[in-house]
1. What residue, among those in the range 42-88 that are within 12 Å of Ile151 (Cβ to Cβ) and among the β-branched types (Val, Ile, Thr), is surrounded by the fewest Cβ atoms within 10 Å (Cβ to Cβ)?
2. Restricting to the range 103-126, give me the number of residues that are among the acidic types (Asp, Glu) and either over 31 Å from the mean Cα position of the chain (by Cα) or crowded, with 16+ Cβ neighbours inside 10 Å (or both).
3. Pick from Gln338, Gln370: which is at pLDDT 95 or above and in a loop (DSSP other than H, G, I, E, B)?
4. Scanning the range 192-234 for residues that are of a type in the set (D, E, K, R) and without any contact (Cβ under 8 Å) to a residue 40 or more places away in the chain, which turns out surrounded by the most Cβ atoms within 10 Å (Cβ to Cβ)?
5. Condition (residue is buried (at least 20 other Cβ atoms within 10 Å of the Cβ), within 22 Å of Ala366 (Cα to Cα) and among the aromatic types (Phe, Trp, Tyr)) applied to the range 292-300: is it met by at least one residue?
6. Looking at the range 750-760, can you tell me whether even one residue there is of a type in the set (Gly, Ala, Ser), closer than 16 Å to Val694 by Cα and modelled with pLDDT under 90?
7. Taking the range 713-727, which residues are touching a Ser or Thr at 6+ places or on another chain (Cβ under 6 Å) and either of a type in the set (D, E, K, R) or part of a strand (DSSP E or B) (or both)?
8. Output the qualifying pairs, or none if there are none: Cβ atoms under 6 angstrom, residues six or more apart or on different chains, first residue in the range 541-560 and farther than 11 Å from His623 by Cβ, second residue of a type in the set (S, T, N, Q) and surrounded by fewer than 23 Cβ atoms within 10 Å (Cβ to Cβ).
Amino acid sequence: MPTPVTAPVDLRTDLVVSGEVHYFRLDADQWADRLDTAVRTGVTAIATYIPWLVHELPGGSVDFGDRHPHLDLPRFLDLCAERGLSVIARPGPFVMAELKNEGLGYSVIRRHPEIRCPGWRGEMRPETIVDYLHPAYLEAVRGWYDAVIPILGAHAVSRGGPVVAVQLDNEIGMLPWVTNSPDLSDRTVAELVETLVASTSTADVQARYRVGDTSFDVTDQSTWAPALRSPNEHQVLALHRDLGRFTRDRYARYTGLLAEWMRERGVGAEVPLLVNVHGCWGDRATMFPLGISQLHRTWADGEVIPGNDIYIGDLDLDTLPGLWVSNAFLAATCRPGQPYGVLEFEVGSGDYGEALDVTTGPEAAALKLQLSIAQGASIVNYYLLAGGRNPMLFEPAGDGNDRIAFTGERHGFAAPIRPEGDLAPWFDETTRLTRAVADQAQTLRAARPERPPVAIGFVVDHYMTEYRVPGSAREAAFVADLERFRGSGAREILTRALVVGGHAPSATLIDGPAAFDGLPTDQILALSPTPYLDDDIQGALVTWVRRGGRLLLSGPLPQHDLEGRPATSLIDGLGIDIGVRDESGLHAMTYAATPGRTPFVAAATVDGRPAWDGAEVAVGFAHPLSLRDPAAEATVLAQLARSGEPCVLEVGVGSGRVVLAAADLPCLPGIWDAVLSRLGAEPAVRITSDSRGVVVVPCRTPEGVEVVHAINVSPWDTDLTLERDGRALLREPLTLPRRAGAWFVRRPGEEYAAPGWVGGR
């Protein structure tokens, strides 16, 4: 057996790299071998789902090893402890993991079909979508917790055991989102309407959902669910907001109940609780903030630790913005000092379908791991570290294979440790990068990202797009605009330009006008506002600028709130008028544009020279801008090439300044360097290289130890120099290979040390 690792870890203070090993997909006599191999990689913890479905016997009772050795959870936990491996337990009730019924015991729905939820038009989806707060479902969950949680409590770290964290459910709200099937059951809709009435009044709710002289009768509960399952075009955006916000609160109440039950059943306060966030879609993280939007209230107390899921394959210039904002937006929802991380971090080949159609190189995991740690993640769980086999169900399902999962017999065939226990070609690279992190774990954990010059605005309601009424043209256009422009901006260029430009942006959570109350003015706020932004947020944003804030607006300026009503506090406060959006022919179906037509933007002349060097550029859209007061303080930075109308404008407002980039500018370094310099943005560490694919993240410990991460996500080798405060960080330029990373450490009074680790290629 390999030398045991030090245990236990503390997820609140340590940098923890764990590996997912599913005991229930292995024979009991294989557990020791897989755990010994896990120790070889350098992970300090093992994470595992504990599926209700797998442990449930016919009749509804559960087995934890009394009858079936591969279900002997206490023994598996003991084997982890013997090797000094801590355990992150994930008991559901939902676990997903390609399991049938999403890991719920079959008895639940068989006994309580009423927990299933109708969605739009009353459709009942085949997926396992339930009312999380239905009394029958909650009673069944309590029964499962009565069986499993005392085992975890008995093996908790406070009792000398290995269990150092327990996850609350899994990917809450994911199934309703990906199927566009919200919970619109009679009882849930009744609760929604009652909540709306309690927060306003019966008359207000009646007026809110009235069309002409008709509306559903708020005093007649039997009309509520049918009406809201099939809303008309007048009602869709009101329902969009009401349902999204209401569902967020229900998820928070649900996880609060689970946490309470865990504590009551023996998992003490010394064991942190986790929430796993879903959101990667089509090998990209662009949509991931939607999951954060759904669940951010579940860890708002500062006690629960959130973690995201990362399934993007390679990290390159294309996928970089999505991963960056996923990490930054998650951090923005946490309190100071609250840990966060990645609870599902892919380390395999990416060939999840055994089709050899996707192959992710071994350098990808190293790049993603370093970037996540640089951005502040302190927990990273390799998913999966070890594969296995799906055993037969105890009760035949009659579905073709009668196994616990829908993936066939073998599972986790892309993992570094294959289902049969042999090692994949990428095992050695996984081990190398894990041990490299472990060697510097204390310093890397203590070194938090430095406060950057720019923060990206995370308007959480812009990502509240998980539900949309089928067939509604109004809601479809609304959601399309949000998806096109929110967060990272059109084509994700806002984030990409900031990251590769050396600014290492953080994020600021904007969940209402109060977000600006204490927002400091010494950091630039970069915001892609979309055409929809609530008027009270617009007004608070202008007030913040007047106090001295510096604001970069990239994208179409808002003229409506998130219910489609006129909202012009921002353009009124800035003294700006907006012309008709000039669209590329690619978007002619939605906006005024001629097929084949493309807007072009050219730099304006400022102080006798172009605002930036370079020829005119094609853009996807542009908004002509004009000042209401021609005498107002303003500088035109760019204009439409055909008409000469301004579309990038710098204006002074009170003590602050705003740059309005109302055009889909390309990611040309000269453009964004010029735009950001107008607001005084200077990277903490300046990069000089022949490639704009290098990401630099400066970090610092409370004791003043500096750690600078440099990650080359491009496919080109580059000669790199780094400069801080006018001084070169390194004595000579560094050749950073393509798709590789390095970090540099400087202790107070010393020079930067040569890179102790280079990952990737």
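The values are calculated or read from the model by the stated rules, or taken from the named source; none is laboratory data. Quantities reported herein were computed from a predicted structural model and do not represent experimental measurements. All Cβ positions, glycine included, derive from the backbone under ideal geometry; neighbour counts span all protein chains shown.
1. Val62
2. So the count comes out to 1.
3. Exactly one residue qualifies, and that residue is Gln338.
4. Among residues in the range 192-234 that are of a type in the set (D, E, K, R) and without any contact (Cβ under 8 Å) to a residue 40 or more places away in the chain, the one surrounded by the most Cβ atoms within 10 Å (Cβ to Cβ) is Arg208.
5. no
6. Taking every residue of the range 750-760 in turn, at least one turns out to be of a type in the set (Gly, Ala, Ser), closer than 16 Å to Val694 by Cα and modelled with pLDDT under 90.
7. Within the range 713-727, Thr718, Asp719, Leu720, Thr721 meet the criteria.
8. Arg547/Thr521; Gly548/Thr521; Gly548/Ser655; Gly549/Thr521
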